[in-house]
Amino acid sequence: MAVCGALVRSGRLSRPISGRNSAFIGSRFAVVKRLASALSYVPETAPSDFGETTKMNLFQSINSAMDVALANDPTAVIFGEDVAFGGVFRCTIGLADKYGKDRVFNTPLCEQGIAGFGIGMAVMGATAIAEIQFADYIFPAFDQIVNEAAKYRYRSGNLFDCGRLTMRAPCGAVGHGALYHSQSPEAFFAHVPGIKVVIPRGPIQAKGLLLACIKDDNPCIFLEPKILYRAAVEHVPVGDFSLPLSSAEVVVEGKDVTMVAWGTQVQVLREVCNMAQEKLGVSCELIDLRTIMPWDSETVIKSVNKTGRLLVAHEAPLTGGFAAEVASTVQSECFLHLEAPVERVCGYDTPFPHIFEPFYMPDKWRCFEAVKKLINY
Amino acid sequence: MEIYVNILKAPRNHVVELAKMAAVRSVFRVRSLMQQGFYGFYRNSASFAVRNVSIGSKISIAPGQKRQMSSQTLDLEEDKPQFPGSRSEFTKKLEFITPDVYNGIPVYRVLDRQGKIIEADQDPKLSKEAVYDMYHKMTLLNTMDRILYESQRQGRISFYMTNYGEEATHMGSAAALNPGDVVFGQYREAGVLMYRGFTLDQFMNQCYGNAEDAGRGRQMPVHYGSKELNFVTISSPLGTQMPQASGAAYALKRSGKRLCVICYFGDGAASEGDAHAAFNFAATLECPIIFFCRNNGYAISTPTSEQYRGDGIAARGPSYGMATLRVDGNDAFAVYNAVKAARELAVNENRPVLIEAMTYRIGHHSTSDDSTAYRSVDEVNYWDKQDHPIGRLRHYMVNQGWWDMEKEKAWMKQARNEVMQAFQRAEKKKKPPPSELFYDTYREMLPHLQQQREQMRKHVAQYPENYPLENFEKDRD
């Protein structure tokens, strides 16, 4: 955390990570082209009934969601480390000025305190939006989340609950984040009955899903793929709208192979869809899970019953990753429809490396190979 | 907001103009570098960054709230440390602060062991009814504890924790609060619930986990909760309630209700990281909360000498910036006065207060513990006989002429009858329907939980002989 602070203050972590030529850390080094699969974000269009839109990147759309939340709900507050000046990823820029220091405020550097404090506020009926600076640092809060937040309603016989709590954290690979600025911890939380885990794939999704989480009367963990903060730009509705939780979305329709992912990986698999069509004549159906827990198994099962082949991909390590849950459910529900064993393309079972990131990631070539395996089984 | 100023070259009033232009709402005095030589190391670099230094700027303070601003005057006239992190003096002496420099924080006491008020001006002058109320509830709690402890030994309930020796910490504090004040407890505060009106039936129903348990049979005994009485349901992990209590207090402050939170915890739980988090958040975010530590000398078998090396929990309060008091926890009036005063501070000034109530855990940690394994029976007897909170209050009442041995005998008989009747009622009731295990995981019933509930029902319907169905109410559908 101290290192991160230093990186942020020196302006390094806040440098734009754009698609192809992302500058290597520090402007004094020559610009190094990322040979590994550089991210290219394909913008989407918002449904027209969500009203007027404007161009926003991911952090702006999240900022907009919180702006709407605080405007509509006088009990809503945002807190965490460094949120008052705007946040290390600019997600809370302007909100302290607009809503006051009692509603958008810094806390001491203590994740277990942030989580506990947020739970307490929510128990009193206030809408608490807690920020954890990096998902990698959520673990001190694990006890509060697992033993308290998730179980509050159940253990009290519905006398008390902390449904008004939403915790947000940036997650996922960013190109140079290494062990402690790249993690995707969704699998840990998927294993806890009582909380919801949500991951958006872009700005429109982020705003709609975050607003849904804030309004949802269960404690929610909202993980934001940090590499998309600047890289993903879309025309996002400016008003109040939400997207449904526990509802997977078919992003690309197809008939030969079902692909399931969330967050940044959806963009990676989009490219794999194109590669499969061009090079193999294979039509892939791409599903964004959106909510990891409770997940929409019905959409996935329906798709696999149609295609007979499933690929699940995520950055988090293979063993015990959420792909295992999806694969297990699919083999149970779609056994007779399967044409090939389920393929999982994930991070390796190691801590997230620094210099070796290009080899570690479940990139489009590894995913493409998996598609070939599925087709040729 | 940052502004870059070339101090070496800029005249003083130019710097002030820059500051005004940069919308920094303050004026700071900077002496010429050359004269003072303070920023000597800047002679080589031609600029320094001035951050938002607020001196004399308006800071909004809630009504009645006093706040000590950290001094950030960059006044180079005086030779004081200018670090943003400290507000002190320089010293030439190399002298460690050693813990034994201080005597322990003294223990506030009102009633002596013979039940006499020591200083008349500390007498809370509670009415006869108020003192009766406290005494009746302390003894009723004690009676309920004995009967429920026994019932666990007989296999009727699965687990129990007694409150022996700590009754004054419960009643004294509860009596000083407003009924709307929110309570976050640990697990040895049943008396607070009893004081507020939790009935014997409600206590028993929770311990038996029967169909009338408000908690729906989901938790072990003594994990009470009551929305009506503003007592948040207990959980087993220690100390987790503490930062939650800070957050709840912050929400209460924002609501403008002029209520506070009281958070109970033990000497052991105070070692948890959550305790540190709670204190720090409450102090920095200015939360109206009373942190009430029941220092009863033991955390299961671990004595305080193995729990901490400093002067108990009270010594930690000032280091977080909290008003702190240590009090005799076996003295109901001292606890009452302490909490009353703490409440004033918390509600009127929106600040946390730490009270450490010194007491002794006369009973075992729980029915799963036999404390003779780690402490002497003599030690326990000493506290039971010489310094029992119930005894001290009884002496006071007898001294006032309000109580005598006849009344005592009659009341104890009545208390026992009431407890036994509630006990028998609770024991007869059935448990909730088995499908209750699936509800309230989320606010709404989810498809996968519905499927799992169906699987369970089908299985149990097929093999009912393997399940204790006769003790449970039937499922709703």
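Things to note:
- Every residue from region B:237-264 that is more than 8 Å from every other protein chain (Cβ to nearest Cβ) and in a loop (DSSP other than H, G, I, E, B): B:238, B:239, B:256, B:257, B:258, B:259, B:260
- Among the residues of region A:210-228, the ones that are part of a strand (DSSP E or B) and either basic (Lys, Arg) or under 14 Å from residue A:127 (Cβ atoms) (or both) come to 2 in all.
- Scanning region B:331-381 for residues being aliphatic (A, V, I, L, M) and at positive phi gives a total of 0.
- Inter-residue pairs, beta-carbon under 6 Å, first farther than 22 Å from residue A:338 by Cα and in region A:310-324, second assigned to a strand (DSSP E or B), 6+ apart: A:315/A:347; A:316/A:347; A:317/A:347
- Tally of residues being touching a Lys or Arg at 6+ places or on another chain (Cβ under 6 Å) and either surrounded by fewer than 21 Cβ atoms within 10 Å (Cβ to Cβ) or part of a helix (DSSP H, G or I) (or both) across region A:336-372: 2
- Test: residue in region A:287-304 that is within 25 Å of residue A:193 (Cα to Cα), touching a residue at least 24 places away in the same chain (Cβ under 8 Å), out of contact with any Asp or Glu (no Cβ under 9 Å at 6 or more places or on another chain) and basic (Lys, Arg): no
- Residues located in region A:102-119, provided they are within 17 Å of residue B:240 (Cα to Cα), at the interface with chain B (Cβ under 7 Å from one of its Cβ atoms) and either among the polar types (S, T, N, Q) or in contact (Cβ under 8 Å) with a residue 40 or more places away in the chain (or both): A:112, A:118, A:119
- Any hit, region B:370-378, residues being under 30 Å from residue B:267 (Cβ atoms), at pLDDT 95 or above and crowded, with 16+ Cβ neighbours inside 10 Å: yes
- Answer residue from region B:168-184, given it is part of a loop (DSSP other than H, G, I, E, B) and within 14 Å of chain A (Cβ to nearest Cβ) and is nearest to residue B:288 (Cα to Cα) among those: B:181
- Listed conditions (1) under 28 Å from residue B:438 (Cα atoms); (2) in contact with a Ser or Thr (Cβ under 9 Å, 6 or more places away or on another chain) are all met by residue B:203, apart from (2).
- The residues in region B:186-214 that are within 15 Å of residue B:425 (Cβ to Cβ), without any contact (Cβ under 8 Å) to a residue 40 or more places away in the chain and surrounded by fewer than 24 Cβ atoms within 10 Å (Cβ to Cβ) can be counted, and the count is 1.
- Scanning region B:276-312 for residues that are part of a helix (DSSP H, G or I) and either hydroxyl-bearing (Ser, Thr, Tyr) or at the interface with another protein chain (Cβ under 10 Å from one of its Cβ atoms) (or both) turns up B:276, B:277, B:278, B:279, B:280, B:281, B:282, B:283, B:284, B:304, B:305.
- Condition met for residue A:218 (of a type outside the set (A, V, I, L, M) and away from chain B (no Cβ under 14 Å)): no
- Residue B:111 falls short of the stated requirement of being in contact with a helix residue (DSSP H, G or I) (Cβ under 7 Å, 6 or more places away or on another chain) and at pLDDT below 90.
- Scan region A:129-160 for residues that are of a type outside the set (Lys, Arg), at the interface with another protein chain (Cβ under 7 Å from one of its Cβ atoms) and buried (at least 22 other Cβ atoms within 10 Å of the Cβ) and the total you get is 4.
- Checking residue A:231 against (1) crowded, with 24+ Cβ neighbours inside 10 Å; (2) among the hydrophobic types (A, V, I, L, M, F, W, C); (3) more than 14 Å from chain B (Cβ to nearest Cβ), the condition it does not meet: (1)
- Scoring residue A:99 on the criteria (1) closer than 25 Å to residue A:238 by Cα; (2) facing chain B (nearest Cβ under 8 Å); (3) of a type in the set (Phe, Trp, Tyr) leaves a single failure, condition (2).
- In region B:226-236, residue nearest to the other protein chains (Cβ to nearest Cβ) [restricted to those that are part of a loop (DSSP other than H, G, I, E, B) and small (Gly, Ala, Ser)]: B:235
The values are calculated or read from the model by the stated rules, or taken from the named source; none is laboratory data. It should be emphasised that the depicted structure is a prediction, and the values quoted were computed from it without experimental measurement. Glycine gets a Cβ as well: all are built from the backbone with ideal geometry, and neighbour counts include every protein chain shown.
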